[in-house]
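Here the structure comes first, spelled out in structure tokens, and everything after it is commentary.
The values are calculated or read from the model by the stated rules, or taken from the named source; none is laboratory data. Remember, predicted model here, so these are calculated numbers, not experimental data. Every residue, glycine among them, receives a Cβ derived from its backbone with ideal geometry; neighbour counts consider all protein chains shown.
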Amino acid sequence: MPTEETETQNIEGQTPFTQAPDNPAEDKAEPWGEQTRIVGRRHGRIDGFERVSGGAVYPSDVSLPGLLHAAILGCPYPHARIKGVDASAALKLPGVHAVISSADADANPEWHQGGRIFNDTCRYEGEPVAAVAADNPYIAADALKRILVSYEELPYVSDMESALADGAPKVHPDGNTVKTDSYSRGDLKQGLEQAAVQVSGQYRTASEMQTPLERHGCVARWEGDQLTVWESTQGVYAVQSRIAETLGLPLTRVRVIGHYMGGAFGSKLDAGGYSIIASVLAKRTGRPVKLFVSREQTLLTMGNRPPTRMDIRLAARQDGGLTAIEFTGRGASGAYSAGGASLLDWLAKDLYQCDNVATELEDVYINAGPARPFRAPGYVQCAFAVEQAMDALAEKLNMDPVALRLKNIPKGSPAKDNLPYTTDGLRLCIEQGAQHFGWEAARAEAAKRQDGPIKRGVGMAAANWFVGDGGPPCTVIVRLYADGTANLNMGASDIGTGTRTVMAMVVAEELGLELDAISVENADTGTCQYATPSGGSKTVPTEAPTVRRACLAVKDQLLDMAAKQLGAGRDQVVFAGSEIRTADGFESLKIRDLDRLSNQKVVVGLGERRHNPDDVSITPFAAQFCELEVNTRTGEVKLLRMLGANESGRVINRLTWDNQLIGGVTMGIGFALTEGRVLDGPTGKLCNANWHDYKLPTALDIPPELISDPVMLNDDQANIVGAKGLGEPVTIPTAPAIANAIYHATGVRPMATPINPLDLLPRLNQET
């Protein structure tokens, strides 16, 4: 079974840490109280004007003197051997400066997927075959058409069942099974024998694709032996490391900048092959190169949430207590090992208390684009099965679904040897959410609305997330200047979640400043401190405590200055907002009036992220509630209202918290109702590689009433700001809450995503 460190690597795209930097003193920071001046309120983004006015420079906006534009030629087949590449016609086209392919040994470095950037055997449609650099994107596109490639088409498999059938074509010489894992605790057989009731079912989820607004890509420029890359990324240091390793460069010769980025959802945690291609072309031409893949290529090649098949069995006593959980999951990694079944069983073994659990996972190769981490990988798919099975069990026991879940709330993480939770967040989310949603009244009212073709249903689902605790390594510097303004320097990317604003609020709260007195530098390996990629809901619980610790280091120096200037003992002065006063309140100094600060001009505070406590499980929790209508004549589902109750510790910015919930639920709605990769059986090609045919949810698909209902807790055991991750938990329970509401309305259990009229209507007709 993969270790927790291995699974953290899948989420964050980095080598797991084992030891934080040494810290000179024990952490004695007191938690913030319930009443805070800045933290917890609603604040617009400090860079909001730049974003909406077009002033923010995203990597795709970067334009440099002498800039060339690159494009990638992808394989048109799901499986093919390249017999030859002839780029002569492309090179003769005016405006073309370079073409590279597998024929260019010096331009085809080793790569962690497939062996090389350009492989002689292509295992998925769109896999890079060649790349061109030209004066503009149009010439580059024309040049691709002139590259002559001789292919030998090979047999392929485009789904897991075909891949595992006897005599199936092999994606790799060793076969189509990447790996299998298993987990167990207790005695499954005994747990089944103890049960009064059992339910079982097979659930399938379609592949979901990230398709961010800003496409994947970068701009690369060499100045001598120094490479600078402007990349749309979730982690500039992860990209720096990957590029340096691939090109054989010292880290000091690679600078990666990513101040802004237009969405990723996990698909930009690491460098892509385009980063290497752009860097190689820039070196070969002696000019900066811009390479952003096409929209079709983002869907073909830039990752996905793997499709899955899950078999689950739950067993319980008559009082609802779970006695056994059996879960078997299979996921398609794509053409290369990319975590097709990663974390797929974690929710099954960790969400509810059960002594007897057995899970098995199988990761399968198919001829399709490799998976990448996608907001709560594995959890979103698993929740679709686990939470529907819980509702089926509640029905068989004649119990309310909320009551059944409350019956099985664990006090600690079952999958981590019952390591105690720092909060009772799961119970609180379910209870508070049910109360504020009006669960009992809504269920009763829905039962009255069963006459006619429009049926009303109400459902719910719960979730946790195992890496919402953050952790080292992370370093932050805060500078306080003599005029009372401050600068925050951190390496973390702002992936659209408002990280700059949240961290500025931490500085403002701790140093008694206003937000407009704080500037933020971030996401630049040349000027900013180290940070791991922003993924796995780790940014706030990692960076915020580190930022506060840097502020505490600043305050400590200011108190020393004030004590000396006031002629008081160090223990006789206290920090009071924008001034420092004696403990008796008789004397005070404005921070701006500190003589030493005026003389030395700046005070610098260094913060480092320390280890989490090892005797507790720092876990965020969620519960969602849904009310909808189903038209039994057409199979259409109309969402009426949804409520998300989340316990992720302290709310830093209520506005960005609510925005995270709205965005996460919207993504969950797409997974449940509209999104799904369609691979054509006869050709193996992707049928919906565009935004017209790949059905992302729009404003018309979101319920008119979508309520964010945070459980207001400060998790002081988690870290010195009391905050945990939010981004993943808000997406995990959405699809099963919708599916359970559909069943409540119609008596038809959705067994696969996306739940659309084509799938639902025939089954509704069978019921009638």
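Side notes on the structure shown:
- Among the residues of segment 86-138, those that are part of a helix (DSSP H, G or I), among the aliphatic types (A, V, I, L, M) and under 36 Å from the mean Cα position of the chain (by Cα) comprise ALA105, ALA107.
- The residues on offer are VAL386, VAL380, VAL364, VAL402, and the sole one that is crowded, with 24+ Cβ neighbours inside 10 Å and either at pLDDT below 95 or more than 30 Å from TYR124 (Cα to Cα) (or both) is VAL386.
- Screening the candidates GLY320, GLY331, GLY339 for the property of being over 26 Å from the mean Cα position of the chain (by Cα), in contact (Cβ under 8 Å) with a residue 40 or more places away in the chain and assigned by TED's automatic domain parsing to the domain that holds ALA389 yields one hit, GLY320.
- From the options LEU300, LEU269, LEU291, residue that is modelled with pLDDT of 95 or more, in contact with an Asp or Glu (Cβ under 7 Å, 6 or more places away or on another chain) and over 19 Å from LEU696 (Cβ atoms): LEU269
- Only residues that are out of contact with any Lys or Arg (no Cβ under 9 Å at 6 or more places or on another chain), assigned to a loop (DSSP other than H, G, I, E, B) and within 26 Å of ALA341 (Cα to Cα) were counted across segment 279-326, and they come to 1.
- Some residue of segment 658-673 being surrounded by fewer than 19 Cβ atoms within 10 Å (Cβ to Cβ), outside any loop (DSSP other than H, G, I, E, B), at pLDDT 95 or above and touching a Pro at 6+ places or on another chain (Cβ under 8 Å): no
- Of the residues making up segment 262-277, those that are crowded, with 24+ Cβ neighbours inside 10 Å and within 14 Å of the chain's Cα centre (by Cα) are ALA264, PHE265, GLY266, SER267, LYS268, LEU269.
- Failed item, numbered, when THR582 is tested on (1) surrounded by fewer than 17 Cβ atoms within 10 Å (Cβ to Cβ); (2) out of contact with any Asp or Glu (no Cβ under 9 Å at 6 or more places or on another chain); (3) at pLDDT below 95: (1)
- Selection status of VAL157, modelled with pLDDT of 95 or more, among the β-branched types (Val, Ile, Thr), under 30 Å from THR683 (Cβ atoms) and buried (at least 16 other Cβ atoms within 10 Å of the Cβ): yes
- Residues of segment 204-254 that are free of Cβ contacts under 8 Å to residues at least 40 places away in the same chain and within 17 Å of the chain's Cα centre (by Cα): VAL239 alone.
- Test: THR233 is closer than 19 Å to SER63 by Cα and buried (at least 24 other Cβ atoms within 10 Å of the Cβ): yes
- Residue selected from segment 160-200 under the condition aliphatic (A, V, I, L, M) and free of Cβ contacts under 8 Å to residues at least 60 places away in the same chain, by the criterion surrounded by the most Cβ atoms within 10 Å (Cβ to Cβ): ALA168
- Residues (more than 17 Å from ASP709 (Cβ to Cβ) and not aliphatic (A, V, I, L, M)) located in segment 414-439: PRO414, LYS416, ASP417, ASN418, PRO420, TYR421, THR422
- Just one of the listed residues (ASP451, ASP494) is closer than 30 Å to GLU705 by Cβ and in the same structural domain as ARG641 (by TED's automatic domain parsing), namely ASP451.
- Every test in (1) over 23 Å from GLY470 (Cα atoms); (2) surrounded by fewer than 17 Cβ atoms within 10 Å (Cβ to Cβ) is passed by LEU606 save one, and that test is (1).
- Applying the criterion of being loosely packed, with under 13 Cβ neighbours inside 10 Å and touching a residue at least 40 places away in the same chain (Cβ under 8 Å) to the residues of segment 591-601, the residue that is farthest from ALA568 (Cα to Cα) is LYS601.
- Residues that are without any contact (Cβ under 8 Å) to a residue 60 or more places away in the chain and either part of a strand (DSSP E or B) or not small (Gly, Ala, Ser) (or both), drawn from segment 342-373: LEU344
- Taking the criterion of being over 27 Å from ILE409 (Cα atoms) and not in a strand (DSSP E or B), the residues of segment 612-644 that qualify are THR632, ARG633, THR634, GLY635, GLU636.
- Within segment 739-758, considering residues that are of a type outside the set (A, V, I, L, M, F, W, C) and part of a helix (DSSP H, G or I), the one farthest from GLN624 (Cα to Cα): PRO757
- The lone exception for ARG309 - which of (1) crowded, with 24+ Cβ neighbours inside 10 Å; (2) farther than 14 Å from PRO377 by Cβ it fails: (1)
- Only one of LEU589, LEU594, LEU606, LEU655 that is in contact with an Asp or Glu (Cβ under 8 Å, 6 or more places away or on another chain) and either more than 21 Å from THR422 (Cα to Cα) or not polar (S, T, N, Q) (or both): LEU589
- Residue selected from segment 753-768 under the condition aliphatic (A, V, I, L, M) and buried (at least 16 other Cβ atoms within 10 Å of the Cβ), by the criterion farthest from THR634 (Cα to Cα): ILE755
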